[in-house]
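The values are calculated or read from the model by the stated rules, or taken from the named source; none is laboratory data. Please read all numbers here as calculations on a predicted model, not as lab measurements. Note that we place each Cβ from the backbone using ideal geometry, even for glycine, and neighbour counts take in every protein chain shown.
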Amino acid sequence: MTGITYAEPLYLWLLLLVPGMMAFYVLRQQKTSASLHMPGLDQFGNTGTTFRHYLRHILFALRMLAVALLIIILARPQKTDRFQNVTTEGIDIMLALDISGSMLARDFKPDRLEASKNVATEFISGRPYDRLGLVVFSGESFTQCPLTTDHAVLINLMREIQSGMIEDGTAIGNGLATAINRIRDSEAISKVIILLTDGVNNRGDIAPSTAADIAKTYGIRVYTIGVGTMGTAPYPVQTPFGVQYQNMPVEIDEAILKDIATKTGGSYFRATDNDKLVQVYGEIDKLEKSKIDVRQFTRKEEKFLLPAIFAFILLALEALLRLTVYKNLT
């Protein structure tokens, strides 16, 4: 960060003298008319005032500018340069997000999927030094965004996610396996997967427990989040009269999600509303912190030379004009 500071800023209060001196000068100029009138000078009445006469005020302007610069010099302007060396030991994080049809349930506002996307976006924005990626799954899974430090691209891809992009269902094992495949070769000091779902594994050719064993083999820690209220939730149902919402039982395979987290050294969380979901991501954020070493260097450089040169030039110019052009007017 670079800027101009003053070592003796109290001297800047002296700048208030400048408008006072200007006011005094103006008042004095208004009282310069002669108080004694001599007869016989009518013939000089039409001589007028020359342009040179008006320009005599430039002497005062030069002096005021010089005084202002001298006051600034007394305040000792300095240029301050600050440098930061940032050392990070990054964490690679893959987000595995369920986008099945049940994620459209309205027990979250506006629904489970949009709430999950919004909170995940805030989580991404709060980790500027980490690489993050995104996998989505329902009946099958695919990589929406590989690991990247370009969080703007990741967030844009996150916003494009919609339920129905792929075949419906809940393939938790496949979603976890795809995330593992994307992060397993990472050289980061910590490899993490955050898996969020609201259902029971009912699709895919990889069992969730098998995927958990693979994650453990690669030293990947998995945090699992079960999304949904306790009891029932309003689900969208297509009827002859359009889409209507019906309360249906919330089924989350918490046993599987807890098993995945336990095997890999992670934790299981249950989010029953928007606020709880925010808290869950906050807890994960605290558990997985990048190591950041910041060293700051400050260098100050005196910057009085330039105003001093200008002040000298102005004073010299005033003296020259006073002794030559305006010698008979001052």
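Structure data summary
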{"item": "Test: residue in segment 267-285 that is in contact with a helix residue (DSSP H, G or I) (Cβ under 8 Å, 6 or more places away or on another chain), farther than 30 Å from ARG63 by Cβ and surrounded by fewer than 15 Cβ atoms within 10 Å (Cβ to Cβ)", "result": "yes"}
{"item": "So ILE194, is it touching a residue at least 12 places away in the same chain (Cβ under 8 Å) and under 16 Å from TYR223 (Cβ atoms)", "result": "yes"}
{"item": "Residue within segment 225-237 that is within 15 Å of VAL136 (Cβ to Cβ) and crowded, with 24+ Cβ neighbours inside 10 Å present", "result": "yes"}
{"item": "Qualifying residue in segment 108-124 (condition: touching a residue at least 40 places away in the same chain (Cβ under 8 Å) and in a loop (DSSP other than H, G, I, E, B))", "result": "yes"}
{"item": "Residues (β-branched (Val, Ile, Thr) and either touching a Pro at 6+ places or on another chain (Cβ under 7 Å) or modelled with pLDDT of 95 or more (or both)) located in segment 162-191", "result": "THR170, ILE172, THR178, ILE180, ILE183"}
{"item": "Selection from segment 166-224 of residues that are hydrophobic (A, V, I, L, M, F, W, C) and more than 31 Å from the chain's Cα centre (by Cα)", "result": "ILE166, ALA171, ILE172, LEU176, ALA177, VAL200, ILE206, ALA207, ALA211, ALA212, ILE214, ALA215"}
{"item": "Whichever residue in segment 279-294 is aliphatic (A, V, I, L, M) and within 21 Å of ALA115 (Cα to Cα) and, among such residues, is modelled with the lowest pLDDT", "result": "ILE284"}
